[in-house]
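Peer 1: Here's a structure for you.
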Amino acid sequence: MIEVIHNIGWAIVFSLVGGLVGMALVLLASIVVPRLVDRFTPNMDEQKEIVRGNRAVAEYYGRLVSAAILGVSIEVAAAVLGGVIAALH
C-alpha cells in the first residue's frame, strides 16, 4: 500500500513540474515564433499588413503561430502523460 501512495505522489510531482515547464515552453514559443516569422520574411512587416486590413497575411500569420503553439502544447502533454505513466508503474 505504501508503494502505491509513493507512486501516486511521484505522479503528482511529475504532473505539477511538467505543467509548469509546459507553461513556460508555450509562453516561450508564443514569443519566439513571431520573431522567427519576422526573420524569415524580412521584406514584409506582418503587423503593418494586419493593421492595413490584409486578411491573407493575418490568417497565414495566425495559423502559423497557433500551429506552432499547439504543436508545443501537444509535445508537453505527451511528456507529462509519459511521466505520470512511468510514475504509476
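Peer 1: Among all residue pairs at least 6 apart or on different chains, which show Cβ distances below 8 Å where the first residue, located in segment 8-28, is more than 13 Å from Val72 (Cα to Cα) and the second is open to solvent by less than 50 Å² (accessible area, probe 1.4 Å) and among the basic types (Lys, Arg)?
Peer 2: No pair meets every condition.
Peer 1: Condition test on Glu46, is it more than 25 Å from Val76 (Cβ to Cβ), at pLDDT 85 or above and in contact with a helix residue (DSSP H, G or I) (Cβ under 7 Å, 6 or more places away or on another chain)?
Peer 2: Details: more than 25 Å from Val76 (Cβ to Cβ): yes; at pLDDT 85 or above: yes; in contact with a helix residue (DSSP H, G or I) (Cβ under 7 Å, 6 or more places away or on another chain): yes.
When the stated conditions are applied, Glu46 passes them.
Peer 1: Considering segment 50-73 alone, what residues qualify as being of a type in the set (Phe, Trp, Tyr) and either touching a helix residue (DSSP H, G or I) at 6+ places or on another chain (Cβ under 6 Å) or not in a helix (DSSP H, G or I) (or both)? Explain how you work it out, then say what you get.
Peer 2: To start, the set of residues in segment 50-73 that are of a type in the set (Phe, Trp, Tyr) comprises 60-61.
Scanning segment 50-73 gives a single hit, Tyr61.
Peer 1: Let me ask you something else. Go over the candidates Val32, Val37, Val76 one by one and state the one that is part of a helix (DSSP H, G or I), touching a residue at least 40 places away in the same chain (Cβ under 8 Å) and within 20 Å of the chain's Cα centre (by Cα).
Peer 2: Val76
Peer 1: Something else about it: Does segment 2-18 contain any residue that is in contact with a Phe, Trp or Tyr (Cβ under 9 Å, 6 or more places away or on another chain) and either surrounded by fewer than 13 Cβ atoms within 10 Å (Cβ to Cβ) or not hydroxyl-bearing (Ser, Thr, Tyr) (or both)?
Peer 2: No: zero hits.
Peer 1: Sort out which residues of segment 45-62 are open to solvent by 70 Å² or more (accessible area, probe 1.4 Å) and more than 13 Å from Pro34 (Cβ to Cβ), and write them in order of number.
Peer 2: The answer is Lys48, Val51, Arg52, Arg55, Ala56, Glu59.
The values are calculated or read from the model by the stated rules, or taken from the named source; none is laboratory data. Computed from a prediction, not measured in an experiment: that's the story for all the values here. As a convention, Cβ positions derive from the backbone with ideal geometry for all residues, glycine included, and neighbour counts pool all protein chains shown. The accessibility values were calculated without ligands, DNA or RNA, using every heavy atom of the protein model including side chains. Shrake-Rupley method; radii C 1.70, N 1.55, O 1.52, S 1.80 Å.
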